[in-house]
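Every number in this text was worked out from the coordinates using simple rules, so none of it is lab data. Computed from a prediction, not measured in an experiment: that's the story for all the values here. Cβ placement follows ideal geometry from the backbone for every residue including glycine, while neighbour counts extend to all protein chains displayed.
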Amino acid sequence: MRRDGGGAMAVSRGGRAWPLRSRGVGRSASSVGDWRAALVFLTPWLLGMVLLTALPMIGSAVLSFTNYDLLSVPRWVGTANYQRLLTRDARYLHSLEVTTVYVLVSVPLSVTVALIIAVSLSATTRLANFFRGVFYLPSLLGGSVAIGVLWRQLFGSDGLVNAVLGVFGAEGTSWIGDPRYALSTLILLHVWQFGAPMVIFLAGVRQIPKEVVEATIMDGANPVQRFFRITLPLLSPLILFNLVMQTITAFQAFVPAYVISDGTGGPVDSTLFYTLYLYLEGFRNFRMGYAMAMAWILLFIIGAFTALAFWASRFWVHYES
Amino acid sequence: MSAIGLKDVRKSYGSVEVISSIDLDIEQGEFVVFVGPSGCGKSTLLRMIAGLEGIDGGTLSIDGVVANDIAPARRGIAMVFQSYALYPHMSVYENLAFSLRIAHVDKAEIDRRVRNAAAMLQLEPYLSRRPRALSGGQRQRVAIGRAIVREAKVFLFDEPLSNLDAALRVATRIEIAKLKERLPDTTMIYVTHDQVEAMTLADRIVVLNGGNVEQVGRPVELYESPANLFVAGFIGSPAMNFLPCRLEHQGERTLVQIDGAEQTAIAFGSGGRSGAEAGTLGVRPESLHIAEAGAALITGMVELVEHLGEVTILYVAAGLGQPVLAKLSKTQDFAKGDRVSLSAASTDLYAFDASGDALPRLG
């Protein structure tokens, strides 16, 4: 089982690869030779898909119905793991709550920031280019351990944030040590990495025809009206895309919480992300079957959110063609 | 007081001057066409009037008020773009209503104006459709409708027909002419590189070249009395033939003689000049006819014959580098390699001096 959400990995990989396979099959229907050639070309992907994705997924699905401590033989327990998770494990439900808050706050926030920055930096001046690069930098550094460590230093009790606050006479606290603020620092870290959605929005803003923008100027729309009535609706397919992608990654967030809480999810479980709890159960408490049941529930949660987003998109996303 | 007044208007991009000192007055209700080759500055000039481009020098006045720094939407001007520039996520109705909603016009009034414009443009059945579900011609009508609902004093058209196919272009051109009749007080400025559009729609044509106005005049005036070589060559299709000639200024008149021509020298007004210079004689292809013996203006070999039914176009090699074109009526029995002699009535000839300016006619 992968810590970073093996289930969702399988979804995205399968989605990308499937058309490739069906195309290969369709073209090769004429002769055996074509079939063979197609198989040869497909083998690397098939091997990867079967060995690294399909088999582990099937394995984890089966093991999620067992008690398995990595050392002894798995013992079949039926749906007991799922029942316990959904009804009796308060810590699990808490981790679900923490993660949901994290997703619901950080995703809209980061997508909004990305959109605003992209629209304001859409000019092609040299200065705008420079700032685009600067704003994209955090996304390159990404959710790495180093950034997690850096964040700890920034928001620790003797960190830079408090030093700056001290200059203004305000007294800070240990932001990551205080259960009231620890999750907020993680949300901030996520929002800070708005570069990837920003780049996608930038491409979208550039796609809006110049004459359409000029038509709004002639029609008397001010920049705010132009943003809400023209830019926003025309970017709506990209907003949907970014929301879905950000939601998937946010549900799977692990590294920042692990680093900041020293792998505990503390203080007082305030940063106990879903995947962190999954990791603790699987690799600290050796309840691998239980952890795998969690992974499968997460896969369904992400699937449900994605399906919901696509269903709701019909009411607000405008496709041009 | 003119609806639009341009006085010494200039525009540069960096060190490149794209509009150099243009003076022009456009009366209310006039249909003026800016015409010229690509890059002549016609679209830039239109966009300067719209307010989409800044004005680097001179003044633009609208109804007598200096408008250089007035925001585009406050100039009382509507614009129809080449690409239609419809809002793709809005229905036809919403596209038409957009500017009025922005201006907080009340709902009943918006509805009245939108339906009025839709009726005028036969768009009523499509009001709930999105632009992508419309044909090119319908989209262009929506773009025009957007201008109508605003009840703007001035309509600007930026090559509105160039994205349409030939048949639709003719039909839409006629619709624009009808629209002008229904809105007699609306001033319209229309940019095109298509001289047929210019000739058929315009009250006055402004011929632009290299950021300068070459000539302003009624369509027939430009055709019959081009001010210079550029206008003579630009207006008319196929273009006017130019033959090198000698100009001898003799007091009040100038004698024009083409080397090797049998036709006797033609007299033009000299404009008070004296001496002699090299010049250009212009003759339109449709003015040429088969010469009688001893009176040929041009003699040469037929290079190509185009039979178009109502006319026959001859390409005649007369040793001038460029073939001379002759547009003869009906089907004519000519073949490649035939020797032909062409001449034209002296009243159909144009003479231009060395700097390209037309010489006045005598009488």
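Projecting the Cα atoms of A:Val145, A:Val62, A:Phe130 onto the charge dipole of segment A:27-177, computed from C-beta unit charges around the Cα centre, puts A:Val62 farthest toward the positive end.
Go ahead and run the numbers for FRET between A:Gln225 and A:Val50, Cβ-Cβ distance against an R0 of 35 Å, rounding to 0.05. Can you show the working numbers first?
Details: r = 54 Å, r/R0 = 1.55.
About 0.05, to the nearest 0.05.
Charging the Cβ of each Asp and Glu at -1 and of each Lys and Arg at +1, and nothing else, the dipole of chain A about its Cα centre rounds to 880 debye.
When the charge dipole of segment B:100-158 is built from unit charges on Cβ atoms (+1 for Lys and Arg, -1 for Asp and Glu) and taken about the Cα centre, the candidate among B:Ile144, B:Pro131, B:Ala103 whose Cα reaches farthest toward its positive end is B:Pro131.
Placing +1 on the Cβ of every Lys and Arg and -1 on the Cβ of every Asp and Glu, with nothing else charged, gives segment B:138-214 a dipole about its Cα centre of roughly 340 debye. Among A:Leu93, A:Trp175, A:Asn222, whose Cα projects farthest towards the positive end of the dipole of segment A:85-316, with charges put on the beta-carbon of Lys, Arg (+1) and Asp, Glu (-1)? Projecting each Cα onto the dipole axis, the largest value belongs to A:Asn222.
How high is the FRET efficiency between A:Val161 and A:Arg84 when r is their beta carbon distance and R₀ equals 56 Å, given to the nearest 0.05?
Details: r = 40 Å, r/R0 = 0.72.
Step by step, r from the Cβ atoms, then E = 0.90.
Using just its DSSP H runs of length 4 or more, each adding -39500 (n - 2.57), chain A gives a mean residue ellipticity at 222 nm of -22000 deg cm²/dmol after division by all residues. For segment A:30-138, a Kirkwood hydrodynamic radius built from all Cα pairs, placed in the Stokes-Einstein relation at 25 °C and 0.890 mPa s, yields a translational diffusion coefficient of 123 µm²/s. For peptide B:95-101, the mean count of partner chain Cβ atoms within 10 Å of a residue's Cβ comes to 3.
With contacts taken as Cα pairs under 8 Å and at least 6 residues apart, chain B reaches a relative contact order of 15 percent. With each label modelled as a point 7 angstrom along the Cα→C-beta vector, the B:Ala278-B:Glu262 pair spans 2.7 nm.
Take each residue of peptide B:79-87, count the partner chain Cβ atoms within 10 Å of its Cβ, and average: the result is 5.
Shielding value for A:217-226 is 6, the average number of Cβ atoms from other chains within 10 Å of each residue's Cβ. Comparing mean-square fluctuations of B:Val216, B:Val170, B:Val114 from a GNM of chain B with C-alpha springs under 10 Å, the top value falls on B:Val170.
Give me the dipole magnitude in Debye, nearest 20, for the protein assembly as shown about the Cα centre, with unit charges on the beta carbon: positive for Lys and Arg, negative for Asp and Glu. Could the numbers behind the result be given before it?
On the way: 59 positive and 58 negative charges, 704 e Å.
Dipole of the protein assembly as shown, to the nearest 20 debye: 3380 debye.
Note on chain A: with a GNM built from Cα contacts shorter than 10 Å, the maximum mean-square fluctuation among A:Arg88, A:Arg126, A:Arg75 falls on A:Arg126. Each stretch of four or more DSSP H residues adds -39500 (n - 2.57); spread over every residue of chain B, this sum gives -7000 deg cm²/dmol at 222 nm. Can you tell me, using C-alpha contacts under 8 Å and at least 6 residues apart, the relative contact order of segment A:85-316 as a whole percent? Result for segment A:85-316 is 28 percent.
Measuring nothing but how far apart in sequence close Cα pairs (under 8 Å, 6+ apart) lie, relative to its length, segment B:92-170 scores a relative contact order of 36 percent. In whole Å, what is the distance between the alpha-carbon centres of segment B:26-54 and segment B:159-203? A separation of 14 Å, based on Cα centres. Which residue fluctuates the most in chain A, going by a Gaussian network model with Cα springs under 10 Å, if the choices are A:Ser64, A:Ser236, A:Ser31? The residue with the greatest mean-square fluctuation here is A:Ser31.
Oblate is the label for segment B:209-363, because a/c, from the alpha-carbon gyration tensor with a ≥ b ≥ c as root eigenvalues, is 1.5 or above and a/b does not exceed b/c.
Could you give the length gained on full extension between B:Val65 and B:Ala295, defined as 0.36 nm per residue of separation minus the Cα-Cα distance, in nm?
Values: separation 230, 0.36 × 230 = 82.80 nm, distance 5.86 nm.
Going from the current span to full extension adds 76.9 nm.
First check a/c for the protein assembly as shown, with a ≥ b ≥ c the square roots of the eigenvalues of its C-alpha gyration tensor; if it is under 1.5, answer rounded, and if not, answer prolate when a/b is larger than b/c or oblate otherwise. Mind showing how you got there, number by number?
Working: a/c = 3.09, a/b = 2.33, b/c = 1.32.
Prolate, because a/c is 1.5 or more and a/b exceeds b/c.
What shape does chain B take by its C-alpha gyration tensor, where a ≥ b ≥ c are the square roots of the eigenvalues and a/c under 1.5 counts as rounded, a/b above b/c as prolate, and the rest as oblate? Display every interim value, and only then the final one.
Working: a/c = 3.04, a/b = 1.80, b/c = 1.69.
Taking the square roots of the gyration eigenvalues as a ≥ b ≥ c, chain B is prolate.
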